[in-house]
Amino acid sequence: MTLAQTFADRLAEVERRIAEACRRSGRSRGEVNVIAVTKYVTADEAVRLVEAGIVHIGENRWPDAREKAERLAGRATLHFIGTLQSRKVKHVVGRFQYIHSLDRLSLAEEIEKRAAALGVTVPCFLQVNVSGETTKHGVPPEELFRLAEGLRGLSRVRPVGLMTMAPHESDPERTRPVFRELRRLLAELNARAIFDHELKELSMGMSNDFEVAVEEGATWVRLGSILVGQAGPAGDGAAGAPASGDGERSGESWASSTAF
């Protein structure tokens, strides 16, 4: 079976499950955007995925993303979803249209400087460590509003929403409180009117738990293993069979793009 055929089958199944989650929660399918996380596929395979209809591509690490960013420039909307070191900002800003992992003011200031030099504005998600796991990055919930206040003076960093990663659970239902809390934090952030615009986006949900995330209000889900495969025991870097593990941890439709 070719990559295109495998992807088409996975795509159809994921689309069905998202539509069902939207139906159960009384949402429109058009409220949910999908990011294909291509950490474990080659640049050639990423290009073929875009040719097959994927618009949103997510990457976790700059060294792995370099070739894909070059080849997909102007052909896909690129999302940086992994932990971003300040020294790597110069590589990411201007190449990626969205950053999902803004979790400290010093990082925001580096993004601001690079964006100003390039004459661009960067839509960013504030990453919140809702679960409190020490292995997860993100600002603690109690410090979210202080971070938001610090961003008010930055003209090139545009907050658009919140992002989180839930613990990997054998029963996805156990992730629901994490997603529900992120939605509550977004509502409180808007109620405080810290920014001069409403934040509408929730980046949450991965291969193991995206249906629960959609039911709780996700507007962006980040899908790796279930959609494009992951590295298996036989070798890294190839698109493997769907699995419950998540390479994605670090659309109005599948062929649509949302501009903030």
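Key figures for this structure:
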{"read-out": "Total residues in segment 161-181, condition out of contact with any Pro (no Cβ under 9 Å at 6 or more places or on another chain), part of a helix (DSSP H, G or I) and closer than 23 Å to H79 by Cα", "value": "1"}
{"read-out": "Qualifying residues in segment 78-95 (those that are within 13 Å of the chain's Cα centre (by Cα) and β-branched (V, I, T)) - the one surrounded by the most Cβ atoms within 10 Å (Cβ to Cβ)", "value": "I81"}
{"read-out": "Unique match (being among the charged types (D, E, K, R) and surrounded by fewer than 19 Cβ atoms within 10 Å (Cβ to Cβ)) among E181, E216, E201", "value": "E181"}
{"read-out": "A231 vs. criteria crowded, with 20+ Cβ neighbours inside 10 Å, within 13 Å of T38 (Cβ to Cβ) and at pLDDT below 95", "value": "no"}
{"read-out": "Failed item in (1) at pLDDT 95 or above; (2) outside any helix (DSSP H, G or I); (3) closer than 12 Å to L227 by Cβ, with R17 passing the rest", "value": "(2)"}
{"read-out": "Total residues in segment 132-156, condition of a type in the set (V, I, T) and in a loop (DSSP other than H, G, I, E, B)", "value": "2"}
{"read-out": "Verdict on A69 being over 18 Å from W220 (Cα atoms) and surrounded by fewer than 16 Cβ atoms within 10 Å (Cβ to Cβ)", "value": "no"}
{"read-out": "Subset of segment 147-195 [of a type in the set (V, I, T) and over 22 Å from E112 (Cβ atoms)]", "value": "T164, T175, V178"}
{"read-out": "Any hit, segment 107-124, residues being modelled with pLDDT of 95 or more, out of contact with any helix residue (DSSP H, G or I) (no Cβ under 6 Å at 6 or more places or on another chain), polar (S, T, N, Q) and surrounded by 19 or more Cβ atoms within 10 Å (Cβ to Cβ)", "value": "no"}
{"read-out": "So T164, is it β-branched (V, I, T), under 14 Å from the mean Cα position of the chain (by Cα) and surrounded by 21 or more Cβ atoms within 10 Å (Cβ to Cβ)", "value": "yes"}
{"read-out": "Out of F210, F195, sole residue that is surrounded by 15 or more Cβ atoms within 10 Å (Cβ to Cβ), of a type in the set (F, W, Y) and farther than 26 Å from G229 by Cα", "value": "F195"}
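The values are calculated or read from the model by the stated rules, or taken from the named source; none is laboratory data. Model, not experiment: these values are computed from the prediction. For neighbour counting, all protein chains shown are included, and Cβ atoms are generated from backbone atoms with ideal geometry for every residue, glycine included.
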